[in-house]
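What follows is calculated from the coordinates using simple rules that are stated; it is not laboratory data. Small disclaimer: the values here were computed from a predicted structure and weren't measured. Counting neighbours? That spans all protein chains shown, and the Cβs are built from the backbone with ideal geometry, glycine included.
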Amino acid sequence: MTISARTLEITQAAAAAVIEKMGTDLIAIDLSDQLVLSEVFLIATGQNVAQVDAIADEVERQLIAMGEKPARREKGPEWILLDYSDLVVHIQSTELRKYYMLDRLWNDCPTIELEAVKAAAVHGR
């Protein structure tokens with residue numbers, strides 16, 4: 001199974017929103033061949049609780065502008081999950097990212113190249 005064009009589009013937009021708010025360690029994991037409900041996990045790190053909140057708010061704002069509203073938003077003190085059905089965005093503090101290691105749980109899945117990450121690298125961000 002392949003990822004839908006719309007899911008790729010909103011994944012790229014969410015990644016750009018994360019970069020805009022200076023989120024780090026951004027990775028998009030392609031889950032389309034797995035037996036899960038979502039096609040993509042987008043995982044990002046915020047340096048503190050305020051930044052985790054700001055990143056989540058910006059992702060929501062950008063995707064709402066594209067006509068996408070999360071089916072649910074789960075908020076812990078250092079982790080926010082935005083569920084757009086085919087795309088699930090995880091924004092975690094550095095400590096929780098190291099503890100839960102979602103990247104490693106899904107390390108057998110391919111990743112998706114993110115244009116915002118490439119552009120940030122070119123501009124030295």
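Below are the figures for this structure:
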item	result
For the range 5-122, share of DSSP beta bridges that run antiparallel, in % to the nearest 5	70 percent
Relative contact order (%) - the chain, alpha-carbon pairs under 8 angstrom, separation at least six	30 percent
Rounded, prolate or oblate (a/c below 1.5 giving rounded, otherwise prolate when a/b exceeds b/c) for the chain by Cα gyration tensor	rounded
Stretch gain in nm, segment Leu102-Lys69, where the contour uses 0.36 nm per residue and the Cα spacing is subtracted	9.5 nm
Protection proxy ranking of 100-113, 79-92 - average other beta-carbon atoms within 10 Å, highest first	79-92, 100-113
Rg(Cα) / (2.2 N^0.38 Å) computed for the range 1-75, rounded to two decimals	1.10
Computed [θ] at 222 nm, deg cm²/dmol, the chain (DSSP H ≥ 4; -39,500 (n - 2.57); rounded to nearest 500)	-12500 deg cm²/dmol
Lys pairs under 23 Å by Cα in the range 5-122, provided they are eight or more residues apart or on distinct chains	5
